[in-house]
1. Note down, for segment 92-142, the three equivalent ellipsoid semi-axes (square root of 5 times each alpha carbon gyration tensor eigenvalue), biggest first, whole angstrom.
2. Nearest 20 debye, what's the magnitude of the dipole of segment 96-246 about its Cα centre given +1 on Lys and Arg Cβ and -1 on Asp and Glu Cβ?
3. In segment 28-242, with Lys and Arg counted as +1 and Asp and Glu as -1 at Cβ, which of these residues, Val86, Val72, Ile97, has the Cα nearest the positive end of the dipole, that is, farthest along it?
4. Over all directions, average the projected area of the Cα convex hull of segment 28-242 and note it in nm².
5. Nearest 0.05, what FRET efficiency do Phe226 and Val84 give at R0 = 30 Å with Cβ-Cβ as r?
6. Per-residue counts of other Cβ atoms within 10 Å, averaged by peptide: what ranking do you get for 52-65, 97-110, highest first?
7. Using Cα centres only, tell me the gap between segment 108-128 and segment 52-79 in whole Å.
8. In whole Hz and in residue order, list the ³J(HN,Hα) couplings for segment 107-124 that follow from phi through the Karplus curve 6.51 cos²θ - 1.76 cosθ + 1.60, θ = phi - 60°; x for Gly and Pro.
Amino acid sequence: MLLKPWPGLEIKTRTMSRIHTERHRTHSIGWLRAAVLGANDGIVSTASLIIGVAAANATQSAVLVAGVAGLVAGAMSMAAGEYVSVSSQFDTEQADIARERHELATDSARETAELAGIYVQRGLDADLAQQVATQLMAKDALGAHARDELGISEVVSARPLQAAWASAGAFTVGAGLPLASAWLSPERHLTLVVGATSLLFLVLLGGLAAYTGGAPIARGVARVTFWGALAMAITAGVGRLFGVVA
Ligand SMILES: [Zn+2]
């Protein structure tokens with residue numbers, strides 16, 4: 001439970017989930033999107049790195065060392081980037097909640113009117129909105145304002161550490177696929193095997209992402225494989241160039 005200042009939220013959420021039976025994509029979309037993007041990054045960047053180093057005539061063990069280094073570096077940078085960006089979102093949320101708590105303490109009448117105004121905008125008539133606002137202010141004023149005015153709730157609140165771990169984990173799983181292919185492949189077919197298997201993984205990932213996101217599968221697959229293939233082709237070219245020059 002992230003937002004410690006208002007203990008009532010956790011209990012409310014549990015009660016709500018007992019009543020709320022149908023599952024909406026938004027419940028999992030956040031996590032899925034981060035996982036798919038992380039895994040996609042892992043496959044494309046590590047496969048390209050492996051193919052680029054292999055194209056420069058490096059030995060299989062040198063290629064594997066470069067692949068492992070790429071996996072670790074990529075996972076750490078994904079985790080760091082996610083942690084920093086989600087932490088700043090967390091800080092913003094906390095600052096908004098602190099300001100809201102101050103406003104509630106100094107002018108609760110105006111805050112009640114503000115809440116009623118939000119409910120009128122959502123379609124309630126003025127009397128009912130006033131009634132609802134008054135009752136919610138009495139039950140959990142900060143919770144009501146955070147949820148209905150600031151849009152901060154248990155489902156969407158920032159979790160920097162979880163986001164960092166999820167991102168690094170997804171990247172590692174993604175990067176592990178071309179790395180395993182490189183390790184299992186005969187040395188003379190390494191570039192071809194890593195390229196083909198990585199494109200296959202991207203097709204599966206692109207299809208999964210499109211399917212669970214409710215988007216057209218063909219377009220999702222085409223998009224992710226096009227950019228993946230382009231990245232691998234360019235690094236293979238650069239690697240070949242360095243292989244000739246070196
Ligand atoms: Zn307010």
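1. The answer is 21, 12, 9 Å, longest axis first.
2. So the dipole magnitude of segment 96-246 works out to roughly 1060 debye.
3. Val72
4. Taking the Cα atoms of segment 28-242, their convex hull projects to 14.7 nm² on average.
5. 0.50
6. Result, highest mean Cβ count within 10 Å first: 52-65, 97-110.
7. Their Cα centres are 58 Å away from one another.
8. Running phi through 6.51 cos²θ - 1.76 cosθ + 1.60 with θ = phi - 60° gives 8, 6, 4, 5, 5, 5, 5, 4, 5, 4, x, 4, 6, 5, 4, 7, x, 7 Hz.
Laboratory data are not the source of any read-out in this text; all were calculated from the coordinates shown. As the structure is a computational prediction, the values presented were derived from the model and not from experiment. Cβ atoms come from the backbone with ideal geometry, glycine included; neighbour counts cover every protein chain shown.
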